[in-house]
Amino acid sequence: MFDLNFAKEAFPQIVLAVPLTLLIAFIATLIGLVLAIGVVIAREKQVPVLAQFLATLVSFIRGTPILVQLYVVYYGLPQLLTSLQAAGWHVDPNGLPAIVIAFSAYGLNAMANLSESIRSAYHAVDPGQYEAAISVGMKPATAMVQIVVPQLIANLIPNFTNIFLDLIKDTALVYNIGLVEVMGKANIISSEGFKYLETYTDALIIYIVVCWVFAFVLRQFERHYRYAQVSH
Amino acid sequence: MLLSVKKLEKRFGKRTVLKGVDFSVDQGEVVVIIGPSGSGKTTLLRNLNFLENADAGTMNFKDRQIDLAHPKKDDVHFVRRHSAMVFQNYNLFKNKTAQENIAEGLIYGQGMDKRQALTIASDELKSLGLAAQANHYPSQLSGGQQQRIGIARATVLKPDVILFDEPTSALDPELVGTVLDDMRRLAQAGQTMVVVTHQMSFAKNVASRIVFFDDGQIVESGSPDQVFNHPREERTRQFLGALAENY
């Protein structure tokens, strides 16, 4: 039978792991966003070699499960650092914390998904908007900042919300590399008391509340942006 | 001569759209370019503002010589700062209000103080009878209102020349009149204009010169009376004849 008391007692302990879940999601989004902007610029400007390389990398990341990527970075990054160390770089392959691996793997994953979303949001802005901006005398960079990018952001928000919520849920997998976030904590408590349904139900509730909160906040943001363009 | 281009050539892939066009506009002239769809009229206009890059040709604008195939950044910016464009699909900035749309070019193109620019924009809207729409976004305006604001956005810059790319083609017939009235007033005020249009009554009544354009080149050019009533070229007669049959 479902042990309600066990679930209640486990709940606050699992909640304590929420900050780690959010930290990974936030940092990965931040890293992903910065890298994605670079990827979009390189691809849209069709920088030779780099554009093709990035397109391949993006399709590779989008075409593989995040758990596999996590393992590849987990085992690959220290080896890369070892090679760099052998080449005379001052890096320490043994001192690599699991959280850095999580940031790297999830950041790369966010980069791939965000760059595709930014590209489609950019293409959804009518080229006539940019033309009108430069025809009233704006310099190309000003035209981008004043006219194109604000419209791009409005187009991007719905997809951004999806990617960010997916990222929050996907952090459940970092338990596999030894980080104890919400899912990890639930696993540990389950195995201590041999009560699985109770703690996983706790985790379920925590995830859904966290995702609801962020979906709500981002929807307000989206409404604000759309509001500015559709109604007075 | 305010603006002239010589031997302007433009290709899209293997197709040559402009075949060595010589074209010029004097101060205060209203030049109306007519001709069949796909003949290159719009492409010519877009080349005058560097929205397209020409493959060959030279431009003289306000005594500046510009190589059209390899224009310097400074020259491109100079031409755009002293000219303005009105688009077929209005192209009002979707993320800006009517008032901001008119002010943007003054602020970010000419470096005017923001408050002063917004005041000018607001006065402009009042004179158009659109003061109530000052804070409306383009999506809340009719096509006619959008295009009138598009024209105001161009005129507040006090450009030496305004390029109109089929400004009434996307409008309901009922809304065409108000836009043409605005353009007529501008012409009467001495604004230099180059207008690509299918509105023949506007061409007849407002133009100081008509240019008939076909197949990437100017077929003939002259006063409205000369081109409409005594065309020199057979191709012009054919085009005008086809128009007469349709109306």
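The values are calculated or read from the model by the stated rules, or taken from the named source; none is laboratory data. These numbers were taken from a predicted model, which means no experiment stands behind them. Neighbour counts run over all protein chains shown; Cβ positions are idealised from the backbone, glycine included.
Here are the numbers for this structure:
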quantity	calculated
Subset of segment B:114-146 (residues that are over 23 Å from A:Met144 (Cβ atoms) and not in a helix (DSSP H, G or I))	B:Leu128, B:Gly129, B:Leu130, B:Ala134, B:Asn135, B:His136, B:Leu141, B:Ser142
Count of segment B:128-166 residues which are at positive phi and not small (Gly, Ala, Ser)	2
Output for segment B:139-160, where each listed residue is farther than 24 Å from B:Thr192 by Cα, within 14 Å of chain A (Cβ to nearest Cβ) and either crowded, with 16+ Cβ neighbours inside 10 Å or without any contact (Cβ under 8 Å) to a residue 12 or more places away in the chain (or both)	B:Gln140, B:Leu141
Subset of segment A:49-58 (residues that are without any contact (Cβ under 8 Å) to a residue 12 or more places away in the chain and part of a helix (DSSP H, G or I))	A:Leu50, A:Ala51, A:Gln52, A:Phe53, A:Thr56
So B:Ser169, is it among the hydroxyl-bearing types (Ser, Thr, Tyr) and farther than 22 Å from B:Gln88 by Cα	no
When residues of segment A:121-178 are limited to those that are under 19 Å from the mean Cα position of the chain (by Cα) and among the β-branched types (Val, Ile, Thr), the one nearest to the other protein chains (Cβ to nearest Cβ)	A:Ile153
Residue list for segment B:163-186, filter: surrounded by fewer than 24 Cβ atoms within 10 Å (Cβ to Cβ) and of a type in the set (A, V, I, L, M)	B:Ala170, B:Leu171, B:Leu175, B:Val176, B:Leu180, B:Leu186
Single residue of segment B:80-103 satisfying the filter (more than 7 Å from chain A (Cβ to nearest Cβ) and either part of a helix (DSSP H, G or I) or in contact with a Lys or Arg (Cβ under 6 Å, 6 or more places away or on another chain) (or both)) that is farthest from B:Gln116 (Cα to Cα)	B:Ala98
Qualifying residue in segment B:175-183 (condition: touching a helix residue (DSSP H, G or I) at 6+ places or on another chain (Cβ under 6 Å), touching a residue at least 24 places away in the same chain (Cβ under 8 Å) and within 12 Å of chain A (Cβ to nearest Cβ))	no
Residue within segment B:24-33 that is acidic (Asp, Glu), at positive phi and either free of Cβ contacts under 8 Å to residues at least 60 places away in the same chain or touching a strand residue (DSSP E or B) at 6+ places or on another chain (Cβ under 8 Å) (or both) present	no
Qualifying residue in segment B:104-111 (condition: under 30 Å from B:Leu3 (Cα atoms), in a loop (DSSP other than H, G, I, E, B) and of a type in the set (Phe, Trp, Tyr))	no
Exclusive hit being buried (at least 20 other Cβ atoms within 10 Å of the Cβ) and of a type in the set (S, T, N, Q), set B:Asn60, B:Asn53, B:Asn95	B:Asn95
Given (1) over 30 Å from B:Asn89 (Cβ atoms); (2) surrounded by 19 or more Cβ atoms within 10 Å (Cβ to Cβ); (3) without any contact (Cβ under 8 Å) to a residue 12 or more places away in the chain, number of the condition A:Ile134 does not satisfy	(1)
Search result, residues across segment B:39-77 that are within 13 Å of chain A (Cβ to nearest Cβ), of a type in the set (A, V, I, L, M) and in a helix (DSSP H, G or I)	B:Leu45, B:Leu48, B:Val76
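Residues are listed down the side, and each one gets a yes or a no for (1) modelled with pLDDT under 95; (2) within 11 Å of A:Ala112 (Cα to Cα); (3) surrounded by fewer than 18 Cβ atoms within 10 Å (Cβ to Cβ); (4) under 19 Å from the mean Cα position of the chain (by Cα):
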{"residue": "A:Phe2", "(1), (2), (3), (4)": "yes, no, yes, no"}
{"residue": "A:Phe6", "(1), (2), (3), (4)": "yes, no, no, no"}
{"residue": "A:Ala36", "(1), (2), (3), (4)": "no, yes, no, yes"}
{"residue": "A:Leu50", "(1), (2), (3), (4)": "no, no, yes, no"}
{"residue": "A:Phe53", "(1), (2), (3), (4)": "no, no, yes, no"}
{"residue": "A:Val58", "(1), (2), (3), (4)": "no, yes, no, yes"}
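Results for (1) within 22 Å of B:Val76 (Cβ to Cβ); (2) crowded, with 21+ Cβ neighbours inside 10 Å; (3) at pLDDT 95 or above; (4) touching a Leu at 6+ places or on another chain (Cβ under 6 Å), shown as yes or no for each residue.
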| residue | (1), (2), (3), (4) |
| --- | --- |
| B:Met1 | yes, no, no, no |
| B:Val5 | yes, yes, yes, no |
| B:Lys10 | yes, yes, yes, yes |
| B:Lys14 | no, no, no, no |
| B:Asp22 | yes, no, yes, no |
| B:Val25 | yes, yes, yes, yes |
| B:Gly38 | no, no, no, no |
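One line per residue, one yes/no per condition, for (1) within 10 Å of chain A (Cβ to nearest Cβ); (2) modelled with pLDDT of 95 or more:
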| residue | (1), (2) |
| --- | --- |
| B:Ile107 | yes, yes |
| B:Asp113 | no, yes |
| B:Thr119 | no, yes |
| B:Asp123 | no, yes |
| B:Lys126 | no, yes |
| B:Gly129 | no, no |
| B:Tyr137 | yes, no |
